[in-house]
Each structure stands twice: as C-alpha cells, then as structure tokens.
Amino acid sequence: MDSPAAPLSLEQAVSRGDRVRDVIQAAILDARLPQGSPLVERELSAMLGVSKTPIREALKQLQSSGLVVATAYQGMRVRVLDAAIVRDVTDARIAVEPEALRLAVTARGAAPHEGARRLLEETEALIQAGEVAQLGLKNREFHRALYTECGNGLLIDFLDKLQALSTFIATAGWRAHATYASEAAEHQSLLERFEAGDPEGAQRLLRDHITASATALLSALAEATDEAGTTT
C-alpha cells in the first residue's frame, strides 16, 4: 500500500459536497489517500474544515463512481485495485466506447477538433511536470471530447459513469509502470484518424489503445502479486 504524500486540505472553506468530492477524489488518484485507506467522516471533516454532511454526500458520490467501497462494518474505504476490476472496466469500455467513437466520426466527417488538440497540448505539459493524477483526469477529458460527438445520450451517460474508475486504473497503473508517454502518442494517432473522418480506423485504434493499456496494467499487477508471494 502506498504511503500518503500529504494531508488533505481545501483552499477555502466550502460546504458543497461536489467540491469536497473533487478534493477527496484527487487525493485518491495521487495516492495521498492510498488504496484500502479507511475513510472516516470525522477525520475527513477535521482535515477539510467542513461539517460531516458534505463529507457524507461526497463519499456517497465516490461510492457510486466506484472509487470508494463499503466495508463490512458499514464504513468506507478507498478501492483496492485488482485484476477483476481492471478486466470489468476494460470489457465495458471496449463494448461501448469504440462504437461511440465510430458514430462520432461518422456524424462529424473530416473536420479539425480544436478542443481535443488543446487537451493533447495540456497533456504534454502534465507529462513534463510529472502530474500523474491531473494527467489521468486530462486523459479522460480527451476521451470524452471525442465520444460525446456521437450525440447518443445513453452511450455518453454510460461512458461518463466509467470515467472515475478509468482514471483510477490509469493513475494506479502508471505508478507501477509509466506508460503515459506511449499512450499520449496513441492519442495523437487516434485524433488524426478522427479528424481525417476515418470511423473504422479510429474505432480500431481506440480498441487497440484500450486493450494495450489494460494488458500492461494486468501484467504489472501479476508481477506485483508474484513478488509479494515470493517475499512472504
């Protein structure tokens, strides 16, 4: 289990659960709240300087997103990444996102996507700065900028619900094996196919991209399990 990097804090006092949720989510993604950490309302309330009500609301939202899970004693803890959740999220994305992308490209035709281009530039800056948690969120923004062009609200809503877990999986994977540079190059190729109006090419690249990322992480998890078994 990773060690916390720094205590949680808010830049200003707030009472809105969504702001508290964002702060706790960021702490989970950058491992200040490591995998498996208990999330005690009283402690989080003291850290963030807010009442238990927005903490409780935030934890419910994070549980809904999959980042937080309930314990046997009716408490909450940060999810522990394992091969099962990686496979489940990967299977769900592969079943839906490449098709949403194909529909998006078909609907748009050949056209530049300035928003996605800007996100790739911001991604590069985060890579250079080593901001892994923010990089994970930026990657999800990039994917969303593409698939929302499909115009199908049901597909978009389904994929949006996977965003937090997808980011958690990516950032945890990068701490084990940093593949974000190669993934950024794959994003560049994907956007080129998208802007060229090539639905099948974009669909194929996205499917390969999702599969390659998952394969690398599953390999890292298997190696970590083998090492743990060897040292016990």
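Just so you know, all these numbers are worked out from the coordinates, no wet-lab data involved. The structure displayed is predicted, hence computed values, not measured ones. Methodologically, a virtual Cβ is constructed for each residue, glycine included, from the backbone with ideal geometry; neighbour enumeration extends over all protein chains shown.
Please compute the contact order of the stretch 101-232 in relative form: average sequence separation of alpha-carbon pairs under 8 Å and at least six residues apart, divided by the residue count, as a percent.
In percent, rounded to a whole number, it is 38.
Rounded to the nearest 500 deg cm²/dmol, what is the calculated helix-only ellipticity per residue at 222 nm for the chain, with -39500 (n - 2.57) per DSSP H run of length n ≥ 4?
-23500 deg cm²/dmol
Starting from the Kirkwood radius over alpha-carbon pairs of the stretch 123-232, derive D by Stokes-Einstein at 37 °C in a medium of 0.692 mPa s and give it in µm² s⁻¹.
217
Mind checking the angle between helix 132-147 and the chain's longest principal axis? C-alpha axes, 0 to 90 degrees, to the nearest 10.
40
Just how many % of Cα pairs in the stretch 171-232 lie over 18 Å apart, if you round to the nearest whole percent?
More than 18 Å apart: 47 percent of the Cα pairs in the stretch 171-232.
Please report the equivalent ellipsoid semi-axes of the stretch 88-188, computed as sqrt(5 x eigenvalue) of the Cα gyration tensor, largest first, in whole Å.
23, 17, 10
When the distances between all Cα atoms of the stretch 82-129 are binned every 5 Å from zero, what whole-number percent does each bin get?
Going out from 0 Å in 5 Å bins, the stretch 82-129 shows 5, 16, 13, 14, 18, 22, 11, 2 percent.
Quote the charge dipole size of the chain about the Cα centre in Debye, to the nearest 20; the model charges only the Cβ of Lys and Arg (+1) and of Asp and Glu (-1).
780
Under 17 Å from a label point 7 Å along Cα→Cβ of Asp226: give me every residue in the stretch 62-91 with its amide N that close.
Only 83 fall inside the zone, counting backbone N under 17 Å.
In the chain, with Lys and Arg counted as +1 and Asp and Glu as -1 at Cβ, which of these residues, Leu44, Ala104, Ala196, has the Cα nearest the positive end of the dipole, that is, farthest along it?
Leu44
Inverting the mean 1/r over all pairs of different Cα atoms, compute the Kirkwood radius of the stretch 30-122 and quote it in Å.
Answer for the stretch 30-122: a Kirkwood hydrodynamic radius of 16.6 Å.
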